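Heads up: the structure comes next, in structure tokens.
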Amino acid sequence: MQNRAERIRQALEGAFPPAEVQVTDDSHRHEGHAGARPEGETHYSVLVVSPGFAGMNRVARSRAAHAVLEAGFGTGLHALSLRLLTPEEAGRG
């Protein structure tokens, strides 16, 4: 069974191809905070580099990423820290 980080990575790669996606589970940093669970898998830092973000402002990018991951928020995902960049913005273009 895949962990949540892997499911997040696959969902974002599928939604914004071709994409470079890095997902870091930060749940251990939020122990005792709202939304934290003892088993973790609640808080993540995510970097997505995709040409699909070209022409989109920061809010539109965030909305698009949240829409892809919306179902996860109903199953324990609590918080995302997102960096959503075009290859040019990431220095890869």
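The values are calculated or read from the model by the stated rules, or taken from the named source; none is laboratory data. A quick note: this is a predicted structure, and the numbers were derived from the prediction, not measured. Note: ideal-geometry Cβ built from the backbone for every residue, glycine included; neighbour counts use all protein chains shown.
Some notes on this structure:
- Filtered residues of region 39-65 (kept if touching a helix residue (DSSP H, G or I) at 6+ places or on another chain (Cβ under 9 Å) and either modelled with pLDDT of 95 or more or within 13 Å of ARG9 (Cα to Cα) (or both)): TYR44, VAL46, VAL48, SER50, GLY52, PHE53, MET56, ALA60, ARG61, ALA64, ALA65
- Those residues of region 47-63 which are touching a strand residue (DSSP E or B) at 6+ places or on another chain (Cβ under 7 Å) and either part of a strand (DSSP E or B) or aliphatic (A, V, I, L, M) (or both), in sequence order: LEU47, VAL48, VAL49
- Each residue in region 60-76 was checked for being free of Cβ contacts under 8 Å to residues at least 12 places away in the same chain and farther than 23 Å from ARG92 by Cβ, and 7 of them qualify.
- Against the criterion of being modelled with pLDDT of 85 or more, in contact with a strand residue (DSSP E or B) (Cβ under 9 Å, 6 or more places away or on another chain) and of a type in the set (Gly, Ala, Ser), ALA36 does not qualify.
- Filtered residues of region 63-85 (kept if more than 18 Å from ARG7 (Cα to Cα) and surrounded by fewer than 16 Cβ atoms within 10 Å (Cβ to Cβ)): ARG63
- Within region 9-30, if we keep just the residues that are of a type in the set (A, V, I, L, M, F, W, C) and at pLDDT 95 or above, the residue that is farthest from LEU84 (Cα to Cα) turns out to be ALA11.
- Taken over region 42-62, the residue count meeting the criterion of being under 13 Å from PHE16 (Cβ atoms), surrounded by fewer than 17 Cβ atoms within 10 Å (Cβ to Cβ) and among the hydroxyl-bearing types (Ser, Thr, Tyr) is 1.
- Residues in region 70-91 that are among the hydrophobic types (A, V, I, L, M, F, W, C) and either at pLDDT below 95 or part of a loop (DSSP other than H, G, I, E, B) (or both): ALA71, PHE73, LEU77, ALA79, LEU80, ALA90.
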